[in-house]
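A.B. asks: Input: one structure, supplied below.
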Amino acid sequence: MPEMPSNTTTFCLTIGDYTGIGPEITARFLAHQADLPDDGVRLRIFGDIANLVHTADALGIELPEGHRFDYEDLQHSRFTAHQKLPGQVAYESIEAAVSEISAGHAQALVTGPISKENLHLAGIPFTGHTEMLQQLARKSYGQTFQSDMLFVYRQFRMLLLTRHVALRKVSESLSIREVTQSLSNLAEFFQTVCQIQTPRLCILGVNPHAGEIDGEEEERIIKPALKGVAQKYGFGIEPPVAADAAFRHFDIERLQYDAYVAAYHDQGLIPFKMVAGLNAVNVTIGLPFLRTSVSHGTAPDIVGQGIADPCSLIAAYTMAHRLRLPAVQPKQVVLNS
């Protein structure tokens, strides 16, 4: 392993599923990074490196080498006699990266896209990065964490209270305890990382008109959680607002709120991605380390066409660079199985 200056920061970068656009955007990102001045960050790239090299060659890209770039092949090693499934390589890459971070050898994780279908085919029992990282953090740090998805573009931030669940399951997926923990993770992120002690939060109602006409989640779950978090962290939080009206006067140059909180996936990500496009970054909060990610999937429909855009991966790396100090130190939580 090349020697680095003592003040160098190390980021782990996972390519993601090698059957998707992960190898292409990684190759393009690395070429972009190599063209920039040394920013004091060393990159350790985890995944199917032979596939990455092949992809780079097809694109006419020469992968950078030297003290700033270190490649860890999770597909081809002296311990592996057979070809691993894509989902297995993706999972083992993330596992190895978290191990490096928990051992103190790296400070942040930047991830490429993975395929839920290929994870399933490889027998990996997770629906995505967030759940996977929560479990790996528990294994590596000996504590139980609740991790949450916070999407960030410039000063526009969107927290999701539920993730990849069907709309009919949203209500049963919400509880005072887990909503309280999600909002606590957000409060600690603002106070510790962003140095914003009294963040302005806009909580989107679960139901039309925030439950004014029908629905009880606002009164039964959301408001009690808001009250507890406001008391604990010392700032006020407005009651839930009608989601359809929350963005009526939205202006990213003059935001009224530091973060929006959505009850479910599409409620938050439709307005967010309309504004952010491929520059959106997924920041996982509630973990004992910083993790940022692309905000898109593996895009199998454009694999091999040479048209994949690396801007979300570049944005994810830039966000990790911006947020790397101070590190997040979330409090231990206890989750029911």
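The values are calculated or read from the model by the stated rules, or taken from the named source; none is laboratory data. What you are looking at is a predicted structure, and each value in this text was computed from that prediction instead of being measured. Heads up, the Cβs are rebuilt from the backbone with ideal geometry, glycines too, and the neighbour counts pull from every protein chain shown.
A.B. asks: Which of (1) more than 21 Å from the chain's Cα centre (by Cα); (2) modelled with pLDDT of 95 or more does SER184 not meet, given it meets every other one?
C.D. replies: (1)
A.B. asks: Looking at GLN191, GLN256, GLN231, which one is assigned by TED's automatic domain parsing to the domain that holds LYS273, within 18 Å of PHE156 (Cβ to Cβ) and surrounded by fewer than 17 Cβ atoms within 10 Å (Cβ to Cβ)?
C.D. replies: GLN256
A.B. asks: Let me spell it out: the conditions are (1) more than 30 Å from CYS12 (Cβ to Cβ); (2) polar (S, T, N, Q); (3) surrounded by 14 or more Cβ atoms within 10 Å (Cβ to Cβ); (4) in contact (Cβ under 8 Å) with a residue 24 or more places away in the chain, and SER184 meets all of them except one. Which number is the exception?
C.D. replies: (1)
A.B. asks: Go through (1) β-branched (Val, Ile, Thr); (2) over 30 Å from VAL110 (Cβ atoms); (3) without any contact (Cβ under 8 Å) to a residue 12 or more places away in the chain one by one and return the number of the condition ILE176 breaks.
C.D. replies: (3)
A.B. asks: Which of the residues belonging to segment 264-318 are more than 25 Å from GLY104 (Cβ to Cβ), of a type in the set (Phe, Trp, Tyr) and outside any helix (DSSP H, G or I)?
C.D. replies: Correct list: TYR264 only.
A.B. asks: Checking the structure you have, find out if any residue of segment 205-217 is surrounded by 23 or more Cβ atoms within 10 Å (Cβ to Cβ) and touching a Phe, Trp or Tyr at 6+ places or on another chain (Cβ under 9 Å).
C.D. replies: Yes, there is a match, as at least one residue in segment 205-217 is surrounded by 23 or more Cβ atoms within 10 Å (Cβ to Cβ) and touching a Phe, Trp or Tyr at 6+ places or on another chain (Cβ under 9 Å).
A.B. asks: Something else: Answer yes or no as to whether VAL261 is in a strand (DSSP E or B), closer than 30 Å to HIS105 by Cα and not small (Gly, Ala, Ser).
C.D. replies: In short, no.
A.B. asks: Still on this model: Under the condition of being hydrophobic (A, V, I, L, M, F, W, C), in a loop (DSSP other than H, G, I, E, B) and out of contact with any strand residue (DSSP E or B) (no Cβ under 8 Å at 6 or more places or on another chain), which residue from segment 213-241 is modelled with the highest pLDDT?
C.D. replies: Selected residue: PHE235.
A.B. asks: Please pick out the residue among ALA108, ALA81 that is small (Gly, Ala, Ser) and modelled with pLDDT of 95 or more.
C.D. replies: Exactly one of ALA108, ALA81 is small (Gly, Ala, Ser) and modelled with pLDDT of 95 or more, namely ALA108.
A.B. asks: Six or more apart or on different chains, Cβ under 6 Å: which pairs go from a residue in segment 111-130 that's farther than 19 Å from SER293 by Cα to one that's of a type in the set (Lys, Arg)? Could you list them?
C.D. replies: Filtered contacts from segment 111-130: no entries.
A.B. asks: Scan segment 233-275 for residues that are closer than 18 Å to LEU167 by Cα and of a type in the set (Ser, Thr, Tyr) and jot them down.
C.D. replies: TYR264
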